[in-house]
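Notes follow once the structure below has been shown.
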């Protein structure tokens, strides 16, 4: 195993013998504006006490130039990942001068050249352990310390870090910016952002506390930045959390930076939160997109307490921050902003991620067993985030909201600027709730899998709730009936405690019985026969969006599990989607329906289903209210459907070239135009000249990414061969451009053009894992996994690569499971009794 892959055992030992007192990190990025300059100067001075004579600092860079220990130069002992330190005393000062490498993978110090204006932008991204790509450090979350950052950069640049600027000095050709020391924080949440960013400032005042606020983005995106809306959400969140946690925001200022080519949605660096610039909308956006952005803003803000103020000891307890932030983000969104129905999105979007992840063979408990960093990297998943948040929602229902929040307050006061484990949290929550939560934690946090709930009635009409994989639940059960206007309304709702596989319940029959009404627990729900019949005819008469979301979720889970025919799901999607008023629910249906066509239907049924879906989306687009979010959602759905069937190619080209009618109010912004051009390219109805012309119209960062995807989408074997060559051999591709080429390679309905690459895929993935960064390798391994008609190739690789890195095997196992599910569904949907 490479020494870069830090293990839990060795970092625990280092924690036992090292106490870090502080860092001074000096970075010189004056040369960043020259694309030929590949490295930057980085100097770390770290003070620490030691109860050992030897240890190591972590660093992943081009070179270590010198090491000084307690004022004496010592020989450099560097293996490419670790700098060995010897001759240590009780108190130590170590200085490391090195060269770091600018990143194009989104890991470490990422550099982006904006094609719109030629400007250069830098930002850092570290989690879980890439601070060592920028400066030498003790790279583990439990060795917290204050950090002082000093950055030398071009004079006209904005330079941002976790703390406010203490001093700025102009120098020949640049500036030296020194930041105030941080409070004790972990290495993975330190941050530096530098470049000619556009900046907007404001502030939030709460009681005696005034927090400076900043919102930044690339200068070429300034015209699209709705800073006032972002500030509004920010102020609402700061008020909600400071009141709820009874602990003032501790990190002095709150900058939010929207950055290019980001691998994540966002990162909770205290005082310097980074977001994907996909949240700076270049054109029209749906309410679902705005709600999603607000949720992300609040998720990251919750981390200022859960994760930054109090941090897990090691990545086993990653859930201590991510589950809480996911739950608190949704709660704050629902209670502090205009998105009062935020739990609808949580139930339908976030929990779908959890249900999918929890049914894979690689599922894991919320409190996971993370032996090393490679395992940690892959556990930023639907279990740690969405399942954990769902379980916390269940805990609030079980223990009581007041007890939950009081437990959180005690937790912050007891462990501020420290590190914790599950036991520490349970101690506080048990004390405030008056319940011993050990058995609850064992059932929910230390097990795997998702329960399935169904309602059964005996011949005597008595009802019982049956659950697979039994766990303790508190859940709502709703009876829905038709009112005088024909709407489905809740006529009775009861809360029930479940523990066993079968729980009798006194509940009269009704046209629709909805288990887990109000979505208090984490479980898949199966509709009984009468309820399913009601849903198939009257789902649009159910006015409660959360109830509709739970039903859409139930229908999709049943389709994935081959309990409901895909054609039956598609029939309901076509019937009810035009009337679906909740944009998050509509967006989910518009994503799930084409997925069902491509993955769950057998090949002979797909062409007809593709055309039916294309025509459905086309009609809905023209019938949608002008300039509405639903119109935009349907336009995007048309682009997706048209990439699989070229029947509307002439009509789409007419819209793009203004040669024919356009739906009233439809804004043809750059992103939508690229969606349409990508569809034409995937069906062979757009050539290089078309795409080059659109790139001249939108030669921006987003435009170039969309261009690459469209270019390699064309159904031409030579194009696919060039894409394959680029993926494996063009090391100049950034993370985002690599993703675009992979997406282009896989785009469209011509699966025959990529079938021949399966052997090459399995021959290449192990060398890729060994030679590329984990982010780039993950994109290749997941993105290129072949869509075969059998499992033989995957099973053969797994059998002959038992000694492959565990993280790589996990990815292959997960993709194999997705393929196995597809094949089961295709066999199920081939049956005449299923397809009709």
Under the rule rounded for a/c under 1.5, else prolate if a/b exceeds b/c, else oblate, using alpha carbon gyration tensor axes a ≥ b ≥ c, segment 732-834 is classed as oblate
Cα Rg, Dmax, segment 633-685, angstrom units:
9.9, 28
Cut-off is 10 Å between beta-carbons; in what order do 137, 490 appear when sorted fewest neighbours first?
490, 137
Once residue 650 and residue 563 are pulled to full extension, the length gained, defined as 0.36 nm per residue separation minus their Cα-Cα distance, is 27.4 nm
Based on the Kirkwood radius over alpha-carbon pairs, what is the Stokes-Einstein translational diffusion coefficient of segment 416-466 at 10 °C with 1.306 mPa s viscosity, in µm²/s?
111 µm²/s
What are the radius of gyration and Dmax of segment 309-383, computed over its Cα atoms and given in Å?
14.0, 42
For a label point 7 Å from the Cα of residue 116 along Cα→C-beta, name the residues of segment 656-674 whose backbone N is under 17 Å from it.
668-674
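Could you work out the percent of alpha carbon pairs in segment 577-678 separated by over 24 Å, rounded to a whole number?
Numbers: 971 of 5151 pairs.
Every Cα pair in segment 577-678 considered, those over 24 Å come to 19 percent.
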Log10 I(q)/I(0) at q = 0.12, 0.15, 0.16, 0.20 Å⁻¹ for segment 1-86, from Debye over equal alpha-carbon scatterers, is -0.44, -0.68, -0.76, -1.10
So what are the three principal axis dimensions of segment 684-791 from its Cα atoms, in whole Å, longest to shortest?
41, 30, 17
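Does segment 464-565 come out rounded, prolate or oblate by the C-alpha gyration tensor, with a ≥ b ≥ c the root eigenvalues, rounded set by a/c under 1.5 and, if not, prolate when a/b is larger than b/c and oblate if not? Please report the intermediate quantities before stating the final value.
On the way: a/c = 1.84, a/b = 1.28, b/c = 1.44.
Note, shape of segment 464-565 comes out oblate.
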Can you give the relative contact order of segment 310-438 as a percent, counting alpha carbon pairs under 8 Å and 6+ residues apart?
34 percent
Could you tell me how many degrees, from 0 to 90 and to the nearest 10, lie between the Cα long axis of helix 583-600 and the main elongation axis, the longest principal axis, of the Cα atoms of the chain?
80 degrees
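I need to check one value: relative contact order of segment 111-249, counting alpha carbon pairs closer than 8 Å and at least 6 residues apart, in percent.
Working: 219 pairs, mean separation 30.3, N = 139.
This gives 22 percent for segment 111-249.
Averaging over every viewing direction, what projected area does the convex hull of the Cα atoms of segment 73-207 cover, in nm²?
On the way: hull surface 47.5 nm².
Its Cα hull, projected and averaged over all orientations, spans 11.9 nm².
By per-residue mean of other Cβ atoms within 10 Å, what is the highest-first order of 172-183, 200-211?
Working: 172-183: 17.2, 200-211: 13.4.
Going by the mean number of other Cβ atoms within 10 Å, highest first, we get 172-183, 200-211.
Classify segment 478-532 as rounded, prolate or oblate from the Cα gyration tensor: take a ≥ b ≥ c as the square roots of its eigenvalues, call it rounded if a/c is under 1.5, otherwise prolate when a/b beats b/c and oblate if not. Working shown, then result.
Numbers: a/c = 1.90, a/b = 1.89, b/c = 1.01.
Verdict is prolate for segment 478-532.
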Would you mind calculating the relative contact order of the chain from Cα pairs under 8 angstrom and at least 6 residues apart, reporting the percent as a whole number?
8 percent
Cα-Cα pairs in segment 185-271 separated by more than 20 Å, as a whole percent of all pairs, come to 39 percent
Once each part is reduced to its C-alpha centroid, what is the distance from segment 760-836 to segment 149-221 in angstrom?
43 Å
Distance between the C-alpha centers of segment 691-734 and segment 597-652? Whole Å please.
24 Å
Using alpha-carbon positions, what is the distance between the centroids of segment 549-579 and segment 312-367, in Å?
23 Å
Can you tell me the orientation of helix 735-746 relative to the chain, as the angle in degrees between its alpha-carbon axis and the longest Cα principal axis, to the nearest 10?
30 degrees
Reference-scaled alpha-carbon Rg (2.2 N^0.38 Å with N residues) for the chain:
0.96
By how many degrees, between 0 and 90 and to the nearest 10, does the Cα long axis of helix 688-697 differ from the longest principal axis of the chain?
60 degrees
By what distance, in whole Å, do the Cα atoms of segment 533-600 stretch along each of the three principal axes, largest value first?
30, 23, 17
Using alpha carbon coordinates only, what is the Rg to Rh ratio of segment 310-438, with Rh defined as the Kirkwood radius?
0.97
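None of the figures in this text is laboratory data; all of them are computed from the coordinates on show. Every value quoted in this text rests on a predicted model; they were computed, and no experiment measured them. Quick reminder, even Gly has a Cβ in these numbers, built from the backbone with ideal geometry, and neighbours come from all protein chains shown.
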